[in-house]
Amino acid sequence: MDKGKLKFDFWTIITILIASLFTVFLIYPLFSLFASSFKDPLTGAFTFNNFIRFFSKKYYYQGLINSFLVTTSVTILAILIGSSIAYIMNTYKIKGKNFLEILIIISMLSPPFIGAYSWILLCGRNGIITRFFLNYLGIKLPPIYGFVGIVLVLTLRLYTFIYLYVSGALKKIDVSLIEAAESLGSSPSKKVFTIVFPLILPTLLAGGLLVFMNALGDFGTPMLIGEGFIVMPVLIYSEFVSEVGGEANFAAALSTIMVLITLLLFIGQKYIINKKSFTMNSLRSMQPKEFKGLIGVFSYIFIYLVVFLSIIPHITVIYTSLLNTRGQIFTNEFSIKSYKLVFQKLGQAITNTYLYGFLAIVIIVFLGMFIAYISTRKRNILTSVIDTISMIPYIIPGSVLGIMLLLAFNKKPLILSGTSIIMIIAFVIRRLPYTLRSSAAILYQISESMEEASISLGCSPVKTFFKITAVMMLPGVFSGAILSWITVINELSASVILYTANTRTMSVSIYSEVIRASYGTAAALSTILTLTTIISLLIFFKLSGKKEISM
Amino acid sequence: MSVSINIENVIKKYDRTIIIPNLSLKIENGELFTLLGPSGCGKTTLLRMIAGFTSIEGGVIKFDDKVINHIPAHKRNIGMVFQNYAIFPHMTVKQNIEYGLKLRKIPKDEMSRKVDEILKLVKMESFKDRLPERLSGGQQQRVALARAIVIHPSVLLMDEPLSNLDAKLRIEMRSAIRDIQKEIGITTVYVTHDQEEALAISDRIAVIKDGIIQQVGKPKDIYTRPSNVFVSTFVGSSNLLWGIVKIDNGIKRLLFDDGFSIQMNKLSDEVKDNQRVIVSIRPEEFSVKDSGIKVKIKTSTFFGRYINYQIIPIESKIVNNQHYLEFTQDLGHVHEFFNEGDVIYLFPNPEKINVFTEDGEKNLIRDVKKNG
Ligand SMILES: Nc1ncnc2c1ncn2[C@@H]1O[C@H](COP(=O)(O)OP(=O)(O)OP(=O)(O)O)[C@@H](O)[C@H]1O
Ligand SMILES: [Mg+2]
């Protein structure tokens, strides 16, 4: 009896604690956002004017249309490219597959704005490739800025999500399903459409949504390469940041519109997936076959070209970071001048990144494990609510989160604006879902009888959680935490709204260095960030013995 | 239309390892033919070669007279039932069954008639619109069977279709499969490593070991007259004892180590005087008499219908790795039961027992067919 009570107490305390944290740092800011979007900037009275203003001026609503144009194009392209590569790589033997996969994961996990800025270095007005074509071939390349550039950069990064998702789904298809289709008379192309495609469709939808949300919320890419082509996050940012105070309500209204859109998409996708859901467990997965003929050659070219294009930004930043600079221009000799400058001027950004990242990841791991545990093992109304709330970060674009937090915590009783705490909170909220999801996934695989066995042997439930359950959860927690960690240190869209001179991180500094056109220091910082990402990944692969990352 | 399957000198290799060295087999039109053998002997491999999912490294496989080696699986018109059923998870029961029919461009009304017919045959009418996730193992099995036979395949291939079911359901489904197969009269190749299942279901059985066919025959022939020691111990259990053939005035006797001997009229003419042989006796082929092989009861186990005794011969020698012999008493017909430690005399039935050459490779009973 005594022990039963203790267990009840501990998890109740945790549940209440988490519920309060969510209320204060997520629900309250969200409502602050909604409230402020209906406020008149001068009088503070209730008004619809902010929304009316948005829909009545072409300059504003064009941002929404542009966002949709970009996002839809990116999603379609990413799905086409990502799923074809996944299909080819899983059905045929491709030389260098492991290497390609690592490159794909690296390009997936690096921040998109590095891509944007590298493509500017290459194909921008003054870009290396642009100049090469102009000077040696006399060809004037079409400008990379605007719609084309955004779509290029985002597609080259986001197809990787589709690739990983679809690869995972393809591995789950038991070959006997495909053989069954063949035995019933299905030709190779038919079976792709009648069996393989429907089986991966739910995954494709989930991946598509992820890509859509990412493309919709991305701030760095359109800000750097978009120029006149304004999209929603850029609009929100400039309304909020440029004219201090006065436009906050309008920015809040824009944010509210975005949240509503993402919410609708999210619910729609959940609804479709629930209707289409079925479980697959594969005893024998597909064995890659040898390639034959011309199709093989084209497939090789296609895959290697796409992967090469998506890794170009990294090569570019690493290479240019080692070049000497004169003013804004790279010269042809090598030098570590950029690195020296970075450490002189921006050393704090580096320490901030690691420090905040570390603190955020510790909080994320604990929260992730606890929330996963209470929502799978201690089902009740409150934990279900927590479970649902923990989905919210999926639908909140980074810049919106930034504005939410600022609006909520720039006044009493809790003033956090400008502090490192608010940065860490933003990181935790944005990147918690990765760890949470993988923790929950592994909990479903751990039989409850493990815990019961431990308790039956005389270990208290709380102790059992730490000694048995938590330990067994670690591999799953770890694989989510690595994603959280890497995406935390690369976070830009929320930090760019929340940072101050003392709390700037590497991502923010890269962004502001690019804006100031000091490409040398930007390249050096990007290299440090990219290398951190790669090293984290390699450590993860080494420790987990895996060669893939689960989303 | 159903066809016969002719397998001629077929070879299967994975890289350099030879799985099936040279296998020939003729499966008659309309029969239920079982491939039986221990794990890893190549049953699945052979079945998948017939299906077209595995390449053939040598020899030919024909449906009737047509060589099918290079016809891709989806054009062979086969029906296949997979070990894990392979029901398409995104389609309902009905959609699963329609799948093959749609590919054959069967008109709508005919299709729904066929689907209804087959659902009735496998007793799944009421599950038509369910998704497979919500079906039990036995029900999924029926859907898999229905899906395979509704297209009227030339041959039906089944790879351990019952191995995922519990014991009771296995027996139920086994007769269901047999009934349905007989009703539609389709050539069926059935793979199992369960000898009891093979005996119960098959018209004929091929016993395979290491990719080589040991014997082909009707279940009864295989059980009563196994072609070699492997078959005699793999199909049912057999007690193996050493013995010596004695020929006296044309009368053949079998002499055991303890001096006991019996007259064996069924021995073939190729046996020689003083030839050392392996005698194979099934547990039910012993009877308790005043004379016979002298044995001691080690343990007795009560099974309800019969009692199984583990026994140790006192002087006769058991072949290699058998540690004890077995003897069963049918409860319905005997009156005397034995206890551990009892010494009794077991008399083998000369009409029933089998005698093999010293190497265990050949049955020395007259007219035993290796290929029946
Ligand atoms: N893809 C493969 N590559 C190499 N060897 C294989 C392959 N598939 C099967 N084998 C080998 O071929 C042999 C026969 O395998 P097969 O699956 O036909 O056995 P089986 O008789 O069906 O056994 P079981 O009763 O266990 O299913 C085994 O030794 C197996 O290891
Ligand atoms: Mg097998």
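Computed from the C-beta positions of A:ILE13 and A:GLN445 and an R0 of 25 Å, the FRET efficiency is 0.40 to the nearest 0.05. Modelled this way, with points 7 Å down the Cα-to-C-beta line, the labels at B:ILE251 and B:HIS335 are 3.1 nm from one another. For chain A, adding -39500 (n - 2.57) for each run of n ≥ 4 DSSP H residues and dividing by the number of residues yields -24000 deg cm²/dmol at 222 nm. The gain in end-to-end length when the B:ASN9 to B:ILE244 segment is fully stretched comes to 80.9 nm, 0.36 nm per residue minus the alpha carbon separation.
If you fit an axis through the alpha-carbon atoms of helix B:167-184 and take the longest principal axis of the Cα set of chain B, what angle between them do you get, 0 to 90°, nearest 10? Helix B:167-184 sits at roughly 60 degrees to that axis.
Both radii come from the Cα set of the stretch A:322-472: Rg as radius of gyration, Rh as Kirkwood radius; their ratio Rg/Rh reads 1.16. Give me the angle, in degrees from 0 to 90, between the Cα long axis of helix B:93-103 and the longest principal axis of the Cα atoms of chain B, rounded to the nearest 10. In chain B, helix B:93-103 runs at an angle near 70 degrees to the longest axis.
With only alpha-carbon pairs counted, each pair once and no self-pairs, how large is the Kirkwood hydrodynamic radius of the stretch B:229-357 in angstroms? Can you show the working numbers first?
On the way: mean 1/r = 0.0662 Å⁻¹.
By the Kirkwood definition, the hydrodynamic radius is 15.1 Å.
In Å³ and rounded to a whole number, note down the convex hull volume per residue for the Cα atoms of the stretch A:204-256.
Working: hull volume 4.2 nm³, N = 53.
Spread over its residues, the Cα hull of the stretch A:204-256 gives 80 Å³ apiece.
If I take R0 = 41 Å and measure r between the Cβ atoms of B:ASN371 and B:ASP109 in this structure, what FRET efficiency does the formula 1/(1 + (r/R0)^6) give, to the nearest 0.05? List each step's numbers first, then the result.
On the way: r = 47 Å, r/R0 = 1.16.
E(calc), rounded to 0.05, equals 0.30.
Quick check on the protein assembly as shown: what does the Kirkwood estimate of hydrodynamic radius come out to from the alpha carbon pairs, in Å? Numbers along the way, then the final one.
Details: mean 1/r = 0.0299 Å⁻¹.
Final number for the Kirkwood radius of the protein assembly as shown is 33.5 Å.
Which of rounded, prolate or oblate describes the stretch B:41-196 when judged by the alpha-carbon gyration tensor and an a/c cut-off of 1.5? Since a/c reaches 1.5 but b/c is at least a/b, the shape of the stretch B:41-196 is classed as oblate.
Starting from the alpha-carbon convex hull of the stretch A:442-500, give the projected area averaged over all orientations, in nm². Provide the component values of the computation, followed by the final result.
Values: hull surface 22.9 nm².
Mean projected area of the Cα convex hull: 5.7 nm².
The simple spin-label model puts a point 7 Å past each Cα toward its Cβ; for B:ILE314 and A:PHE46 those points are separated by 10.7 nm.
The slack between B:GLU358 and B:TYR324, meaning 0.36 nm per residue of separation minus the straight C-alpha distance, is 10.3 nm. When each full DSSP H helix of chain A is screened for a Cα extent of at least 24 Å along its own axis and an average Kyte-Doolittle hydropathy of at least -1.0, the helices passing are A:2-22, A:58-91, A:147-172, A:197-217, A:248-276, A:293-321, A:337-377, A:420-445, A:470-489, A:519-544.
Shape class of the stretch A:70-124 from the Cα gyration tensor (axes a ≥ b ≥ c, square roots of the eigenvalues): oblate, since a/c reaches 1.5 or more and a/b does not exceed b/c.
Candidate cross-link partners of B:LYS317 among the lysines, defined by an alpha-carbon separation under 17 Å and a same-chain spacing of 8 or more, comprise B:LYS294, B:LYS296, B:LYS298.
Estimate for me the total accessible surface buried between chains B and A (protein heavy atoms, probe 1.4 Å, no ligands or nucleic acids), in Å² to the nearest 100. Provide the component values of the computation, followed by the final result.
Numbers: alone 18230 and 25390 Å², together 41610 Å².
That pair of chains buries around 2000 Å² in total.
Enclosing the Cα atoms of chain A in their convex hull gives a volume equal to 182 cubic angstrom per residue. In the stretch B:84-107, burial by the other protein chains removes 40 Å² or more of 1.4 Å probe accessible surface, compared with the chain on its own, from B:ASN84, B:PHE88, B:PRO89, B:HIS90, B:TYR99, B:LEU103. When the other protein chains are added to the chain by itself, burial of at least 30 square angstrom of heavy-atom accessible area (probe 1.4 Å, ligands and nucleic acids ignored) affects these residues of the stretch A:165-188: A:SER176, A:LEU177, A:GLU179, A:ALA180, A:GLU182, A:SER183, A:LEU184, A:GLY185.
Kindly sort A:CYS123, B:CYS41 by accessible area of their heavy atoms, largest first, with the probe set to 1.4 Å.
Ranked from most to least accessible, the order is A:CYS123, B:CYS41.
Summarising the label geometry, the points placed 7 Å from Cα in the beta-carbon direction at A:ILE27 and A:ILE267 lie 1.8 nm from one another. Per residue, the convex hull spanned by the Cα atoms of the stretch A:209-294 amounts to 186 cubic angstrom. Only the Cβ atoms of Lys and Arg (+1) and of Asp and Glu (-1) were treated as charged; on that basis the dipole of the protein assembly as shown about its Cα centre amounts to roughly 2300 debye. Springs between Cα atoms under 10 Å define the GNM used for chain B, and in it the highest mean-square fluctuation of B:LEU145, B:LEU103, B:LEU23 occurs at B:LEU103.
Please give the length that would be gained between A:ASN324 and A:LYS542 if that part of the chain were fully extended, namely 0.36 nm times their separation in residues minus their C-alpha to C-alpha distance (nm, one decimal). Working shown, then result.
Details: separation 218, 0.36 × 218 = 78.48 nm, distance 3.53 nm.
Here the answer is 75.0 nm.
For the residues B:LEU325, B:LEU135, B:LEU240, a GNM of chain B with alpha-carbon springs under 10 Å puts the largest fluctuation on B:LEU135.
Relative to the longest principal Cα axis of chain B, at what angle does helix B:108-121 sit, 0 to 90 degrees, rounded to 10? For B:108-121 against chain B, the angle is about 30 degrees. Rounded to 0.05, the FRET efficiency of the A:LYS172 and A:PHE132 pair, given R0 = 45 Å and the Cβ-Cβ distance, is 0.50. So which of A:LYS93/B:LYS26; B:LYS75/B:LYS108; A:LYS191/B:LYS94 end up more than 29 Å apart, counting from Cα to Cα? Violating the 29 Å limit, Cα to Cα: A:LYS93/B:LYS26. Computed over chain B, the quotient of the alpha carbon radius of gyration and 2.2 N^0.38 Å is 1.17.
The values are calculated or read from the model by the stated rules, or taken from the named source; none is laboratory data. Only a predicted model underlies this, so the values are computations on that prediction, with no experimental measurement involved. Neighbour counts run over all protein chains shown; Cβ positions are idealised from the backbone, glycine included. Side chains are part of the model used for accessible areas, which takes the heavy atoms of the whole protein and leaves out ligands, DNA and RNA. Shrake-Rupley method; radii C 1.70, N 1.55, O 1.52, S 1.80 Å.
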